[in-house]
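Step one of this worksheet: look at the structure below.
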């Protein structure tokens, strides 16, 4: 089941990408300035290269000062014009990237449902390939009541029909069945059984899922190529598929929902993403003033994103306890940042939360009051 930690990971990934895009856009703006003050090789007039170099240097300095919020006075119209162009380019690209990456968090989460169905579809595809094998013993797979439950599930049939399932990749499925599934010792033992009750069938499918489909092999490599976040998504898919297999009873299975309350999750995504990116400068300054021996711009980008997300969450979601927020972002630091980041993030967030509470910036209500007294 989709949980808030998974959502935070997706948002963190999008914000990290956004920060990298900002750096790239900044460089694009500088490149534009440089291009505007290069000698015109097609001009018949003599080019004053020294003057062009000086204007380039001045325009770059003016652009940087405007970017930092401390604009310099400019007397040459040509420099003002070029700096305006550079700022316009930077602003438009940043706005475009922000919108795209904001939607991307939601898109990636929605893709989880499709990948979940695709994984269940592979179980069916293996059974169908087994049924056509020249050795009749492999045909046992398609006759299992749990496989029939998958085949008869109307929701799954609809989803696989919508995405074409594995129909266009059956050659690949046959290769995997021949080279991976048939060579698996547990599979070999299972198909030799005379009978398999519901518990045995569930156990075998769980093995097929965990030790074959989601193991370190060519099948896993396929999913990794299809999903750039597969390292994180795989555990979610495994959990959803496990619950589906466990639900088998009689002749039915129950498909799982990636999110129990998608509207609530979507609001959380939109709000945390937006409020982190638009975090007030006073909170960024608060981070800077409390990161001893570090300038905030010199922090590892992942740590900076984690700190800003944590602060945005503390002030934007009054119903989430501070300790919950701190613990969640410590875990993100442990998983995605440097070895020392866990202790660093823990210490900084503890200090910042107390200061924000004392200043009145941090206001909690309902569940948010837990452990915050």
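Rule-based calculations on the coordinates, nothing more; no lab input. The shown structure was predicted, so the numbers you read here are calculated from the model rather than taken from an experiment.
The alpha-carbon atoms of the range 269-367 define a convex hull whose volume equals 94 cubic angstrom per residue. What is the helix-to-structure angle for 77-131, meaning the angle in degrees between its Cα long axis and the longest Cα principal axis of the chain, kept from 0 to 90 and rounded to the nearest 10? With rounding to tens, the tilt is 10 degrees.
Semi-axis lengths, largest first, of the ellipsoid equivalent to the chain are 52, 29, 16 Å, with √(5λ) applied to each eigenvalue of the Cα gyration tensor. Treating the range 112-246 as a set of equal point scatterers at the Cα positions, no solvent, please give the Debye-formula log₁₀ I(q)/I(0) at q = 0.09, 0.16 Å⁻¹. At q = 0.09, 0.16 Å⁻¹ the computed log10 ratios are -0.24, -0.80. The GNM of the chain, with springs linking C-alpha atoms under 10 angstrom apart, assigns the highest mean-square fluctuation among 168, 220, 319 to 168. For the chain, the longest principal axis of the C-alpha atoms and the axis of helix 262-277 are separated by about 30°. Taking all Cα pairs closer than 8 Å and separated by 6 or more residues, the relative contact order of the range 265-366 comes to 30 percent. Secondary-structure-derived ellipticity at 222 nm for the chain, considering helices only, amounts to -22500 deg cm²/dmol, per-run term -39500 (n - 2.57) for DSSP H runs with n ≥ 4.
Semi-axes of the equivalent ellipsoid for the range 25-67, please: Cα gyration tensor eigenvalues, times 5, square-rooted, ordered largest first, whole Å.
Working: eigenvalues 100, 28, 5 Å².
Sorted largest first and rounded, they come to 22, 12, 5 Å.
Helix 198-207 and the longest principal axis of the Cα set of the chain meet at an angle near 40°.
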